[in-house]
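The values are calculated or read from the model by the stated rules, or taken from the named source; none is laboratory data. If you're wondering where the values come from, they're calculated on a predicted model, not measured in any experiment. Cβ sites come from the backbone with ideal geometry, for glycine too, and all protein chains shown count toward neighbours.
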Amino acid sequence: MRTLAVLAVLVSLAAANTIQDCGLTPNAVFHDASVTPDPVIVPGPMTLKFQGDLTADWPADMMIMVEVIKEDPFDIEVPCLNGLGSCEVDMCAYITQYPEAFCPLFPPEVPCSCSLLAGHYQSDGFTLTLPDLGEGIDSVIAGGYHGNVTLYSKSAPETLLGCVRFDFQLEYVPPS
Ligand SMILES: *[C@@H]1O[C@H](CO)[C@@H](O)[C@H](O)[C@H]1NC(C)=O
């Protein structure tokens, strides 16, 4: 019985959402990140919180590359669909297009613009709504995912400037 209880704890730990810095970029470090709810429910809202410290200014031509792998029944890269999935996006275009979502992340002393100056950035909750794609599709997309978000300058894509990796479970709960 004790073995079973320990196993249950290990399994639930393994199933928990995690998001953490890759540890590869000393000038940009993310911490205290979380993805809720745990597991993420589709359809429904998913909230991302994080804090990040930039010890050097970032160039204005930053790109954000998201890579998402679905794990079961076998690893497969999730394509980019309507901005969700494995997408490469221009950070400046996002900041310009969605200032109400991005400007609150900036430290009070840093103006909200495409040049991210050194400082402490913090998201108290960035919410994304996972759409209802219909039971047939939603039950197929349920499962385990992992991946990463990498940041680099468009003019020097081979130099990694920031990186976080994540793991999360997606569960399908039919709307009642
Ligand atoms: C990001 O994830 C992809 C897909 O799993 C992997 O090929 C790549 O090496 C990862 N990059 C980093 C910097 O961890």
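Applying the criterion of being part of a strand (DSSP E or B) and farther than 18 Å from Leu105 by Cα to the residues of region 119-135, the residue that is nearest to the ligand (Cβ to nearest atom) is Leu130.
So for region 41-61 (the condition being away from the ligand (no atom under 16 Å from the Cβ), under 19 Å from Glu171 (Cβ atoms) and touching a helix residue (DSSP H, G or I) at 6+ places or on another chain (Cβ under 7 Å)), does at least one residue qualify? Yes.
Condition check for Val89 on (1) surrounded by 15 or more Cβ atoms within 10 Å (Cβ to Cβ); (2) within 16 Å of the ligand (Cβ to nearest atom); (3) closer than 23 Å to Ala28 by Cβ; (4) at pLDDT below 95: one failure, at (1). The single residue among Asp72, Asp138, Asp167 that is crowded, with 16+ Cβ neighbours inside 10 Å, more than 13 Å from the chain's Cα centre (by Cα) and either within 16 Å of the ligand (Cβ to nearest atom) or in a helix (DSSP H, G or I) (or both) turns out to be Asp138. Only residues that are in contact with a helix residue (DSSP H, G or I) (Cβ under 7 Å, 6 or more places away or on another chain) and either farther than 22 Å from Ile41 by Cβ or surrounded by fewer than 14 Cβ atoms within 10 Å (Cβ to Cβ) (or both) were counted across region 96-131, and they come to 5. Check region 142-158 and report whether any residue there is at pLDDT 90 or above, more than 16 Å from the ligand (Cβ to nearest atom) and under 25 Å from Thr18 (Cα atoms). Yes: one or more hits.
Residue check: is Pro79 outside any strand (DSSP E or B) and within 16 Å of the ligand (Cβ to nearest atom)?
Values: outside any strand (DSSP E or B): yes; within 16 Å of the ligand (Cβ to nearest atom): yes.
Judged against the criteria, Pro79 is a match.
Going through region 141-164 one residue at a time, which ones are among the hydrophobic types (A, V, I, L, M, F, W, C) and not in a strand (DSSP E or B)?
Ile141, Ala142, Leu160, Leu161
Only one of the numbered conditions (1) modelled with pLDDT under 95; (2) within 16 Å of the ligand (Cβ to nearest atom) is violated by Gly162, and that is (1).
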